[in-house]
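Beneath this line is the structure, given in structure tokens, with notes to follow.
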Amino acid sequence: MTSTIDFRSDTVTRPDDVMRQAMAKAEVGDNVLDGDPTIGALEQRAAKVLGMPAALWTPTGTMANLIALSLHLQRGDRFLAPRGSHVITDELGSAAWLAGGMPEPLEHDAGPGRPTPDTLSAAIGIPRGPYYALRTPLLCLENTHNSAGGAITPPEEHAQLVAVAKEAGLTVHLDGARIWHAAVALGIPPAALTVGVDTVSACFSKGLGAPVGSVVAGSREFIERARRMRQMLGGGVRQGGVLAAAGLVALDRIGDLAEAHENATRLAAGFAEHGWEVNTPETNIVQVTAPDLVGRLAWLAELGIQVLPSAGRIRFVLHRDLSAADVEETLLRIKTGG
Ligand SMILES: *Cc1c(COP(=O)(O)O)cnc(C)c1O
């Protein structure tokens, strides 16, 4: 039968030969005892790319977010995040169970993935109430916003949201798992999208081709606390340089994301021509709305097209292991299939 085409996520990419060579040759040390030079190099470079003073390697983006939220929240706090944020819907409630914060979702009334400053301001309410009042010390943004379809918050809107949060004394964490995608789509450096935030997380394993690895960045003081929290969570790996080497190669490839964005645009255009209800992709995520979600998913599976449901829609994620030819093949199967 036909080969499968894998649109489930941009995490399905496999490291290529160049990346594997870099991993094989990585200089390593015990990163818990006295440091691994390649992890150190990646942390320094990631901090620079993200425009932050320091960074800490983590095995996953989920751990990076959990470290940040654990250090920003105390049990009984509330935090604000756009509805459908990964920290709310895709981390098994760890923001509440482990970091101790109750999430309050913000509506996307400025556009996909983006609350307006007024909505944020209203949600914050009166910052300092009496001892028995709910406290809201944290805003957690997400750029790009995954479940809103890889939606970008542009720098001006980001700045307005950060300003409202800061004015009210909130700390701001940015879940930038795909901050690279937003930066490439806007033609600006990733650091232009972290302005004013206290901490940011980002993934080397999303679209850039690394098999594993993320980072959380912030002040030096934050990173020293984060290092202890990572250890507590079981993330103190030893000769992790073999993994960090993949992250260094990944950072060389940020520009390549433009191709995945073009492929997403082409795929969405093809779906629209086919009469499907589809988003206008801003980055690498295409979302299709289907009246019979389960039926449509089963039909795609029969055609050898692998996808996942997300936020009540069907999500197609473009990535470096899918070519323009794969997009055309997908559209052909959909046109002639069934
Ligand atoms: C994937 C993702 C994460 C978590 O990354 P993992 O490495 O899979 O744990 C966090 N936030 C967003 C927005 C994501 O898309």
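Against the empirical curve 2.2 N^0.38 Å, the C-alpha radius of gyration of segment 169-309 lands at a ratio of 1.30.
Length, then width, then depth: along the principal axes, the Cα atoms of segment 166-207 run 34, 21, 10 Å. Rounded to the nearest 20, the Cβ-based charge dipole of the chain about its Cα centre (Lys and Arg +1, Asp and Glu -1) stands at 740 debye.
Taken over segment 37-92, the percentage of Cα pairs per 10 Å bin, counting from 0 up to the bin with the maximum distance, is 20, 43, 29, 8. Students often forget the sequence filter, so: which lysines lie under 22 Å Cα-Cα from K206 once same-chain residues fewer than 8 apart are removed? The qualifying lysines are K48. Here the Karplus relation 6.51 cos²θ - 1.76 cosθ + 1.60, evaluated at θ = phi - 60°, turns the backbone of segment 311-319 into coupling constants of 6, x, 10, 9, 9, 10, 10, 8, 7 Hz, with x for every Gly and Pro. Distances between placed amide hydrogens fall under 5 Å for T116 paired with D109, A110, all partners being 5 or more residues away or on another chain.
Helix-only arithmetic for the chain: the sum of -39500 (n - 2.57) across DSSP H runs with n ≥ 4, divided by the residue total, places the mean residue ellipticity at 222 nm at -12000 deg cm²/dmol. Counting every other Cβ atom within 10 Å of each residue's Cβ, D17, D30, D109 order from fewest to most as D17, D109, D30. Modelled spin-label separation between E104 and R225, with each label point placed 7 Å from Cα along the Cα-to-Cβ direction: 2.1 nm. Taking the square roots of five times each eigenvalue of the Cα gyration tensor of segment 1-126, the equivalent ellipsoid has semi-axes of 33, 23, 15 Å, listed largest first. Less than 5 angstrom separates the built amide H of E142 from those of D175, all sequence-distant by 5 or more or on a different chain.
Our summary of shape: the Cα atoms of segment 114-221 have principal axis extents of 49, 28, 24 Å, ordered from largest down, in whole angstrom. log10 I(q)/I(0), Debye, Cα-only segment 17-253, no solvent, q = 0.10, 0.12, 0.15, 0.18 Å⁻¹? Summing over Cα pairs of segment 17-253 leads to -0.43, -0.62, -0.96, -1.33.
Read the figures in this text as sums done on the coordinates, not as results from a lab. What you see is a predicted model, and the numbers here were worked out from it, not measured in a lab. Counting neighbours? That spans all protein chains shown, and the Cβs are built from the backbone with ideal geometry, glycine included.
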